[in-house]
Amino acid sequence: MTLSGLLVAALLLQVLLAFGIWYDASRRRLEWGLGYSYGTMLPLVGYMFVPVYLSRRDEEQQYDQPDLAVEQPASGTAWEVKLPDPFGLPRRFAYVIVALWRRYWLYGILVATSLLFAAALAIDARANSAALSLCATHWLVIWGTANGYRDAVVTIDIEDGTLTQRHVSGFIWEGSETETTVELAEIERVKAVPCGQHAMVRLGYEDWVKANGPLAVPVHRSRTQEVLALLESEDVQTETVGSRVAAIRLFGTVATLGMIPVAVTAVTGEFGSDLMFLFLLGVVAWIVAHTGGCTYVNT
């Protein structure tokens, strides 16, 4: 086996070890389990995290299972969105792609990977390693951002002038509760992007650099117009895009992430097909996003 083949095998083994650590830490409900999993995926040096985790997993602190209560405000509205596992994880992937497509993918994927691919052709075929690593990094960004859409309770309080999102930080098993509150006065515009049974309401802030609020909140399709009308009453500009636009964004991103390794492999002859599982994961996200698999609590 060539050196490049050994490197690919070593990286694939790291991915399997990282998944095993994540599974074990989630089952034990360890607070820092995901950090060990990410560390294990670092190229080559990630192997050092395996013995560290095994030696410390019995000492790590466990998190408590949160109970998200929906409290209806005196003026405003509140709703809860639950995504049952394990199908909730690929569905949350789809939410992140659809809701934050312009910010993450238009520049990060279509531009950066195109430049790296051109460099692989014009300079050195080994430059495809950078393109493949960038694809994997973006999937990790999806993974981390999807953390905010597991089980979410969103409250719009007109009297207090705030929008609050409380969600469970976790992927498969129960996690810790996180709360984010933003003033309605800081929100300049919102855009509802359909995605399956829900719409991701993307929040546009007057000063998005300093804004600490959520980038988008999930709303059931049946209540989207009600929520938008409520925000309009607070002088927030609202907009709704068609489901066809959302579908094109999702499918275009999934296809791009999945086919870049294949295209690089075909043109340069280097190893890239080992990331084909990313494309399969995207297909699963596409299917689940358009076939239900959620629980909506109308309050």
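When only residues in region 1-12 that are touching a Phe, Trp or Tyr at 6+ places or on another chain (Cβ under 9 Å) and surrounded by 13 or more Cβ atoms within 10 Å (Cβ to Cβ) count, which is modelled with the lowest pLDDT?
Val8
Would you point out which residue out of Ala74, Ala69, Ala10 is assigned to a helix (DSSP H, G or I) and among the small types (Gly, Ala, Ser)?
That would be Ala10, the only listed residue that is assigned to a helix (DSSP H, G or I) and among the small types (Gly, Ala, Ser).
For a quick check of your reading of the model, give me the residue pairs whose first member lies in region 17-38 and is within 14 Å of Trp143 (Cβ to Cβ), whose second is surrounded by fewer than 22 Cβ atoms within 10 Å (Cβ to Cβ) and among the hydroxyl-bearing types (Ser, Thr, Tyr), with beta-carbon atoms closer than 7 Å and at least 6 apart or on different chains.
Filtered contacts from region 17-38: Gly33/Ser26.
For (1) within 27 Å of Glu80 (Cβ to Cβ); (2) at pLDDT below 85; (3) among the β-branched types (Val, Ile, Thr), each residue gets a yes or a no:
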{"site": "Ala211", "(1), (2), (3)": "yes, yes, no"}
{"site": "Pro218", "(1), (2), (3)": "yes, no, no"}
{"site": "Val236", "(1), (2), (3)": "yes, no, yes"}
{"site": "Thr240", "(1), (2), (3)": "yes, yes, yes"}
{"site": "Leu250", "(1), (2), (3)": "yes, yes, no"}
{"site": "Thr253", "(1), (2), (3)": "no, yes, yes"}
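Residues to consider are Leu231, Leu257; find the one that is at pLDDT 85 or above and either assigned to a helix (DSSP H, G or I) or out of contact with any helix residue (DSSP H, G or I) (no Cβ under 8 Å at 6 or more places or on another chain) (or both).
Details: Leu257 fails: at pLDDT 85 or above.
Just one listed residue meets the conditions, Leu231.
The values are calculated or read from the model by the stated rules, or taken from the named source; none is laboratory data. Everything numeric here is computed off the predicted structure, so don't read it as measured data. Neighbour counts run over all protein chains shown; Cβ positions are idealised from the backbone, glycine included.
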